[in-house]
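Chemist: Okay, handing you the structure first.
The values are calculated or read from the model by the stated rules, or taken from the named source; none is laboratory data. A quick note: this is a predicted structure, and the numbers were derived from the prediction, not measured. Here the Cβ is made from the backbone with ideal geometry for all residues, glycine too, and neighbour counts use every protein chain on show.
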Amino acid sequence: MDITYKKRRQDITFCKMLFRIPEQEHLNNIKRKNRKFEEFYLKSLKKLINTFERVALWCDKETAQFLKNNGLDKKILMRVMDFSELPQHNERDNNLKLLSDMQKNVGFLLKHKKPVDWLDYFTIISAKPAIIRWASENNIFNSDYFMWVDSGAFNPNYALCWRNLTGSIKARPERCRFCIAPTLGKSRPHFVPRFVYNIYKKFTKSIKPATYETLARQNMTDIAMINADYDVPGGSFMIPKHWANLFSDCFDSICIVMRRHGLVSVEQAVFQTMMKFDDKNMFELSYIEGYTELYTSIAKEKADHLL
């Protein structure tokens, strides 16, 4: 998979995390079993750093040693930490209770999955805004933009995601740039686990689907991912430096509000809720048709629709 990135673009720091999840079998229950730490994530991270160079990383000691062995540790901004130091790790017990209550009271479909399977994964994905904030506050590359890219994004299995990469990223957004995929009345989004929809059935009414040109705004009882107007993939997004702190604060606030309503979910649902309550005009959006467009479409010069 030959990918070249024009290094003369000097105003983006690419943010990511990589930890060996303590309970790997839990991750295997909710993700494909091919996501082996060494073969999948470490190799992808090496490719990603060699491609983009300007990288901010939170990782464990094992990942840091791998990067040192490959001469990459001095090239990036890196914080070595234990998995338990991630910002929302202390919410694990609360999340387990919420998930168990939702399973009992809402009856969402877990199939062979158990609430406990999601706890380490929630800890990881909930830290995305926090590392962007940290990277902006420790801005060794003097970047104006901070772009999240999943650590596994450069695995050969995802080569199609990068097939249209031209070698440069043109976007210089004034606000937080996200990609969304309109559902156009479909029964469920493409990019979030099935159980997310059923979480909200107890709390929601029917939502009229949006079109490509309109985005509905609902109150807290209508934040559902069921019949929602758009899906929010969490694999890539770009945050201007002056939005980084507010973006992280808003994410944490929405997580608190959702917990008060007895809800806990993946980061895509939190992002979607942030957009629905975007009274600060924080976001600009770009539409995509499928996941293979995600990494390139986020870099378009203009968003198709501005909130």
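Chemist: Taking Asn142 and the conditions (1) at pLDDT below 90; (2) surrounded by fewer than 16 Cβ atoms within 10 Å (Cβ to Cβ), which numbered condition does it fall short on, given that it satisfies the others?
Modeler: Condition (1) is where Asn142 drops out.
Chemist: Across segment 95-137, what is the number of residues that are over 22 Å from the mean Cα position of the chain (by Cα), assigned to a loop (DSSP other than H, G, I, E, B) and at pLDDT 85 or above?
Modeler: 0
Chemist: Quick one: which residue in Asp249, Asp279 is out of contact with any Pro (no Cβ under 6 Å at 6 or more places or on another chain), free of Cβ contacts under 8 Å to residues at least 12 places away in the same chain and outside any helix (DSSP H, G or I)?
Modeler: Asp279
Chemist: Filter segment 252-273 for residues that are surrounded by fewer than 21 Cβ atoms within 10 Å (Cβ to Cβ), part of a helix (DSSP H, G or I) and free of Cβ contacts under 8 Å to residues at least 60 places away in the same chain and give the result.
Modeler: Ser253, Ile254, Ile256, Val257, Met258, Arg260, listed by residue number.
Chemist: Then there's this: Restricting the search to segment 10-40, which residues are surrounded by 16 or more Cβ atoms within 10 Å (Cβ to Cβ) and either of a type in the set (Gly, Ala, Ser) or modelled with pLDDT under 90 (or both)?
Modeler: Within segment 10-40, Ile21, His26, Leu27, Asn29, Ile30, Arg35, Phe37, Phe40 qualify.
Chemist: What are the residues in segment 284-294 that are modelled with pLDDT of 70 or more and in a helix (DSSP H, G or I), if any?
Modeler: Scanning segment 284-294 gives Glu293, Leu294.
Chemist: Of the residues that make up segment 276-283, is at least one closer than 26 Å to Phe154 by Cα and modelled with pLDDT of 70 or more?
Modeler: no
Chemist: Taking the condition of being among the polar types (S, T, N, Q), surrounded by 15 or more Cβ atoms within 10 Å (Cβ to Cβ) and at pLDDT 95 or above, how many residues in segment 43-76 meet it?
Modeler: The number of residues fulfilling the criteria is 1.
Chemist: Quick one: count up the residues across segment 238-254 that are of a type in the set (D, E, K, R) and closer than 10 Å to Ile132 by Cα.
Modeler: 1
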